[in-house]
2 protein chains.
Amino acid sequence: MKTTAVIMAGGKGERFWPRSRTKTPKQFLSLTSDRETMIQKTVKRLLPIVSPEDIFIVTNVLYAGLAAEQLPEIPAENIILEPCGRNTAPCISLAAAVIEKKYGGEAMMLVLPSDHLIRYEDMYTDTLRQAISVAETGDRLVTIGITPTYPETGYGYIQFERDSTLGMHGVYQVSRFVEKPDLETAKSYLASRRYLWNSGMFVWKTSTILKAMEKFMPEVYEGTKAIAESYGTDEFKAVLERDYEKLPSESVDFGIMEKADEIYTLPGSFGWDDVGSWLAVERINSTNELGNYVEGDVITIGTEHSTICGGKRLVAAVGVDNIIVVDTDDALLICSKDKTQDVKKVIENLKICNRASLL
Amino acid sequence: MKTTAVIMAGGKGERFWPRSRTKTPKQFLSLTSDRETMIQKTVKRLLPIVSPEDIFIVTNVLYAGLAAEQLPEIPAENIILEPCGRNTAPCISLAAAVIEKKYGGEAMMLVLPSDHLIRYEDMYTDTLRQAISVAETGDRLVTIGITPTYPETGYGYIQFERDSTLGMHGVYQVSRFVEKPDLETAKSYLASRRYLWNSGMFVWKTSTILKAMEKFMPEVYEGTKAIAESYGTDEFKAVLERDYEKLPSESVDFGIMEKADEIYTLPGSFGWDDVGSWLAVERINSTNELGNYVEGDVITIGTEHSTICGGKRLVAAVGVDNIIVVDTDDALLICSKDKTQDVKKVIENLKICNRASLL
């Protein structure tokens, strides 16, 4: 069976303001010291198991230019342009229907975020290969879980059965999907050793996910099926633009995974990082002996445990600790490390004040 | 007797980097919300007691253009351009000699820094008038002291006799001048109530200070007298340029005030601030209800007790406390409030690296 991949790249990446902007969100930026962007890395690490012509990108129409420019190896017809965001369920359902239309039948389908970091790429492809072998038989929905290392309250969790199953080491049946917990609950999940983080990476056959869509989200199923009918014709773009926004906005986690049976999870141990805030930059890059990560023209005096991403000017940091500084041509962020979630409040402020050029 | 004033304006103002630069030091900047620069304010507040044509500016030759531009009311021949800094003793001795040359004899001479802030200008001129009346008789050196409010270790101190003297309320004989103390000593000075801060403002007759120079600093006296001989001729500029650098570099505090007798002090209570570091900016401007002083395009989220001086770009401060941010076109400073003295280390670093354009 043909193996395809769907990379979801519609996010706005607001938590990386001011480096990420509405016009260039996080997945189209490099947040590491090398020059490849997050989405370029995502495609590259898939190449051992998926050919470029079988990789699909679902992104916002705003990013058509960025996607084409950064991913010249992906065929133009594989870049599906959403006129608006409708969360992951419509995105995945449409992609599955498009793939069936393009290949004239079912295919294996990897569903992957575009803006995560994977440190050990060989282990990653090994895990995906095993997930494929689980998903090939029957109608199994497979999700890649991540072993939690601390009680994160910003992720959904996957509760799994204690013993591995299907006669395969490292494959567990999922008991349930749960949404972002509060801190106490997250701590109990960690203590129980029965929960994994939900990484948002899924493996299934197009036929399997479409059956699940038909059962649990019929409106999404019918709507995306109708849109996909026109795939490959001159009508597709217009139909997508007209009908996609009519679909309900819902996540595949809530719409399918929390309801379906026959869900399996493989705990991934490939150095995953969701690169969820500026705090990630020091995790994914190396810090110096004072605990600082600096890039650009930076002088630090008595400064520790700080992340300083300079722009075109000199940045001098004197006597500061646990701070994040991000400099760009038109906006500068200075943020305490324990308040990175509040960067969104800056964005809200800019929206209220109609300062679109800074968003 | 003619009253003249000498404004010392040769300082580099490195503690206000990156706003102050070698080419535009602090005295030629406005650090308050209005547009007048420090030196313009200094001249303006003197006008009730000194005419503009009797005000002299001693500054570095680098600042000839700035001084002429910002102080059009001061005659060009009153702007004395030092080819290099030699501290306050040669500066004051030369100015005294130049004044005697220009007026053909002694004059009253106010010696004032160019970069301090005075909140109550009427009280200031009242104090100067009283100082003049003290200095008129005999050979008295008069200094304006400031009542300390905390044990500052960055200033010199003046110890004064307990009872007022000369039959004048608020005039005290000086027991001794002392250099910058350590913290314990500064605390004991404060507790004793016998010490004032040395503000660097002096009042005396040109004849009095020149006699003191002749006695305690004969080399400075002879050297500056020789230079002043050419004042008013085409030779002056060349002589100054050739001979000024040969003078020893010394302060009037160490060279004269710590050695002379017949020194009187008047405690000034006119809202003095030496504007000695970025910390002064929140003192001299008003802060908002969160204790922040902001200027320019600034968004603060959960930020308190901070000074944020924006430049041409948006500055967003999130969750920071007790921090100073100063943005300019080519350099940005982020400094903890308790480390403002270390801004000098940034300058040292820039000097070592030959980055003159940023100094």
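The values are calculated or read from the model by the stated rules, or taken from the named source; none is laboratory data. In this text, all values refer to a predicted model and were calculated from it rather than measured experimentally. Here Cβ is always computed from backbone atoms with ideal geometry, including for glycine, and neighbour counts include all displayed protein chains.
Structure data summary
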quantity: Residues of the stretch A:2-18 that turn out to be surrounded by fewer than 21 Cβ atoms within 10 Å (Cβ to Cβ) and modelled with pLDDT of 95 or more, as a count; calculated: 2
quantity: Residues located in the stretch B:76-104, provided they are over 21 Å from residue B:43 (Cα atoms) and without any contact (Cβ under 8 Å) to a residue 40 or more places away in the chain; calculated: B:104
quantity: Count of the stretch A:198-229 residues which are without any contact (Cβ under 8 Å) to a residue 12 or more places away in the chain and among the hydroxyl-bearing types (Ser, Thr, Tyr); calculated: 0
quantity: Unmet criterion (only one of (1) within 19 Å of the chain's Cα centre (by Cα); (2) farther than 28 Å from residue B:44 by Cα) for residue B:110; calculated: (2)
quantity: Unmet requirement for residue A:301, which otherwise passes all of (1) more than 8 Å from every other protein chain (Cβ to nearest Cβ); (2) surrounded by fewer than 20 Cβ atoms within 10 Å (Cβ to Cβ); (3) among the aliphatic types (A, V, I, L, M); (4) farther than 17 Å from residue A:12 by Cα; calculated: (1)
quantity: Considering residues of the stretch B:311-327 that are facing chain A (nearest Cβ under 8 Å) and β-branched (Val, Ile, Thr) only, the residue farthest from residue A:354 (Cα to Cα); calculated: B:323
quantity: Strands (runs of 3 or more DSSP E) wholly inside the stretch B:134-180 containing at least 1 residues that are touching a Leu at 6+ places or on another chain (Cβ under 7 Å) and buried (at least 18 other Cβ atoms within 10 Å of the Cβ); calculated: B:141-146, B:157-164
quantity: Leading residue by the ranking (nearest to residue A:49 (Cα to Cα)) among those in the stretch A:113-133 that are surrounded by fewer than 24 Cβ atoms within 10 Å (Cβ to Cβ) and among the aliphatic types (A, V, I, L, M); calculated: A:132
quantity: Odd one out for residue B:267 among (1) more than 28 Å from residue B:307 (Cα to Cα); (2) free of Cβ contacts under 8 Å to residues at least 60 places away in the same chain; (3) surrounded by 15 or more Cβ atoms within 10 Å (Cβ to Cβ); calculated: (2)
quantity: Hits in the stretch B:230-244 (condition: in contact (Cβ under 8 Å) with a residue 60 or more places away in the chain and not in a helix (DSSP H, G or I)); calculated: B:231, B:232
quantity: Qualifying residues in the stretch B:247-298 (those that are hydroxyl-bearing (Ser, Thr, Tyr) and under 24 Å from residue B:16 (Cβ atoms)) - the one modelled with the lowest pLDDT; calculated: B:286
quantity: Neighbours by Cβ (under 7 Å, 6+ apart or cross-chain): first from the stretch B:136-147, within 11 Å of residue B:207 (Cα to Cα) and touching a residue at least 24 places away in the same chain (Cβ under 8 Å); second among the polar types (S, T, N, Q) and surrounded by 15 or more Cβ atoms within 10 Å (Cβ to Cβ); calculated: B:139/B:208; B:140/B:208; B:141/B:208
quantity: Enumeration of residues in the stretch A:62-84 that are surrounded by fewer than 16 Cβ atoms within 10 Å (Cβ to Cβ) and within 15 Å of residue A:10 (Cβ to Cβ); calculated: A:64, A:65, A:83, A:84
quantity: Total residues in the stretch B:328-341, condition at the interface with another protein chain (Cβ under 7 Å from one of its Cβ atoms) and either in contact with a Leu (Cβ under 7 Å, 6 or more places away or on another chain) or of a type in the set (A, V, I, L, M) (or both); calculated: 5
quantity: Filter result for residue B:244 (of a type in the set (Ser, Thr, Tyr), at pLDDT 95 or above and crowded, with 21+ Cβ neighbours inside 10 Å); calculated: yes
quantity: Selected residue (criterion: nearest to residue B:13 (Cα to Cα)) from residues of the stretch B:342-352 that are of a type outside the set (D, E, K, R) and more than 9 Å from chain A (Cβ to nearest Cβ); calculated: B:347
quantity: Scope the stretch B:138-157; condition within 19 Å of residue B:124 (Cα to Cα), touching a Ser or Thr at 6+ places or on another chain (Cβ under 9 Å) and β-branched (Val, Ile, Thr); matching residues; calculated: B:142, B:143, B:144, B:146, B:147
quantity: Filter pass, residue A:248 being more than 29 Å from residue B:352 (Cα to Cα), more than 13 Å from every other protein chain (Cβ to nearest Cβ) and in a strand (DSSP E or B); calculated: no
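So that you can scan it fast, the table gives a plain yes or no per residue for (1) assigned to a strand (DSSP E or B); (2) farther than 30 Å from residue A:148 by Cβ:
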{"position": "A:191", "(1), (2)": "no, no"}
{"position": "A:197", "(1), (2)": "yes, no"}
{"position": "A:209", "(1), (2)": "no, no"}
{"position": "A:219", "(1), (2)": "no, yes"}
{"position": "A:227", "(1), (2)": "no, yes"}
